[in-house]
Amino acid sequence: MTVAVLLQTTALVIVVALLAAAGTGKLARLDGATYPAALTRAATAFAAVITLAATVTAALASLFT
């Protein structure tokens, strides 16, 4: 059961990160950015969401241990 919850949570975080990256890339293109610049912004947004999730996980883990 714990492994299933962990896998579902990981999948959810990755989906949210991908959605944030796609939205950021689309908004960058609408703003007139080139494709490489939009891709860079999307990658930055993806990395930021993953980093935020890791930070929140570490903070919660320190509270529960």
Residues satisfying the stated conditions in segment 21-59, i.e. surrounded by 17 or more Cβ atoms within 10 Å (Cβ to Cβ) and not charged (D, E, K, R):
Ala21, Thr24, Gly25, Ala28, Ala38, Ala42, Ala45, Phe46, Val49, Ala53
Residues satisfying the stated conditions in segment 1-20, i.e. surrounded by 13 or more Cβ atoms within 10 Å (Cβ to Cβ) and small (Gly, Ala, Ser)
Ala17, Ala20
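The rows are residues; the columns are (1) at pLDDT 95 or above; (2) among the hydroxyl-bearing types (Ser, Thr, Tyr).
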| residue | (1), (2) |
| --- | --- |
| Thr2 | no, yes |
| Leu12 | yes, no |
| Leu18 | yes, no |
| Gly23 | yes, no |
| Lys26 | yes, no |
| Ile50 | yes, no |
| Thr55 | yes, yes |
| Ala59 | yes, no |
| Leu63 | no, no |
So which residues in segment 41-65 are within 14 Å of the chain's Cα centre (by Cα) and among the polar types (S, T, N, Q), if there are any at all?
Thr44, Thr51, Thr55, Thr57
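The values are calculated or read from the model by the stated rules, or taken from the named source; none is laboratory data. Keep in mind the model is a prediction, meaning the values are calculated, not measured. Here Cβ is always computed from backbone atoms with ideal geometry, including for glycine, and neighbour counts include all displayed protein chains.
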